[in-house]
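The structure appears right after this line, and notes come after that.
Values in this text are rule-based calculations from the coordinates and carry no lab data. Remember, it's a predicted structure, so these values are computed and weren't measured experimentally. When we count neighbours, we look across all protein chains shown, and the Cβ atoms used for this are built from the backbone with ideal geometry, even at glycine.
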Amino acid sequence: ELPECVPMVVKKTEESFQATKEAAEFYKKRVQLEREYGRGLSELYKNTTTMTLKKKLSGDTTLADKEVGRRTRKGWCALEESTNQAALGRQEFANRLQSEVVDPLVAFIRDKEPLRRKLVVDGLRRARELQETRANLVKLRDNLEKAEQAETQSKSSNFKERMAATFAKKSASALQELENEIQQAQTAAGEARLRYNAEVPGILRELQKLEEARLVIMRDQMRIFLDLEVETYMGFQEQWPAASAAVGEVDIHADVRDFIASCQAEYAVEAGEGVAPAQAGGTRGSADAPEEGGAAPAAAASPRKGSDAE
């Protein structure tokens, strides 16, 4: 409870609250990055899977529609959906990070910082008052000691009697004035000590409570942050088995047969004797292509009309 400890406590509380503000800024930037990442993944998914008017006009198709192999197409669609789920997961993580971590931390700073500043001002005022009254008392006592030494020297000197008498009167008056000032300074220092003892211990206790509350919310927000990260990660893991299974079912030989069948069907259409390529190749997620182990469609590439005659 020495007055010297108050500035030290004030400095520590300022540093700790600044650290809390910087932690809030860290979480804010993480929210921003997660939202940008989620939006980027979402745009990637939409641009890959959506048939836009521009694509229709240009005769383009989606990436999955370009893939002839049914099993490869199924795996790719699962990968696209995994990207979509990752986008949704990142956006949800960012929203919860904002509401469950950033907002409470910002609210704590907003609510507690004014109280901390008031306690700091009151504590520094009382500590400064006590230091100043002590310093004034020390200074007056030093002046009194010097005046008493000057009076002693004047009595031992060979001044004329008239000059010695005049100096003696002034010296006695100055000594009495100093003694009165010292008495007043002692009173002021005593009153400052009483005010300090009455207020500063309570101020220090309140600052300690604030620091304890700050440490609690810092710990709690770190825990929530980590829990949210784990929860988001686990959500991604739930999507992996389906995507992994779909990719694992890719059969190169079966998809090659799909490719051959599609080429044969297109050739037949060009010859005017086959079905439409959309029927032969299937659409996204279609089961029109032959199952693994089944026979590929028979070659429908008959000679063009008039070729035999030629």
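Just a few scattered comments:
- Length added when fully stretched, LEU33-ASP103, from 0.36 nm per residue minus Cα-Cα: 23.5 nm
- Spin-label pair ALA188-GLU25: with each label point 7 Å from Cα along the Cα-Cβ axis, the two points sit 4.3 nm from one another.
- In this structure, the pairs whose alpha-carbon distance is over 31 Å, taken from LYS29/LYS74; LYS28/LYS209; LYS28/LYS112; LYS11/LYS139; LYS28/LYS118; LYS12/LYS146, are LYS29/LYS74; LYS12/LYS146.
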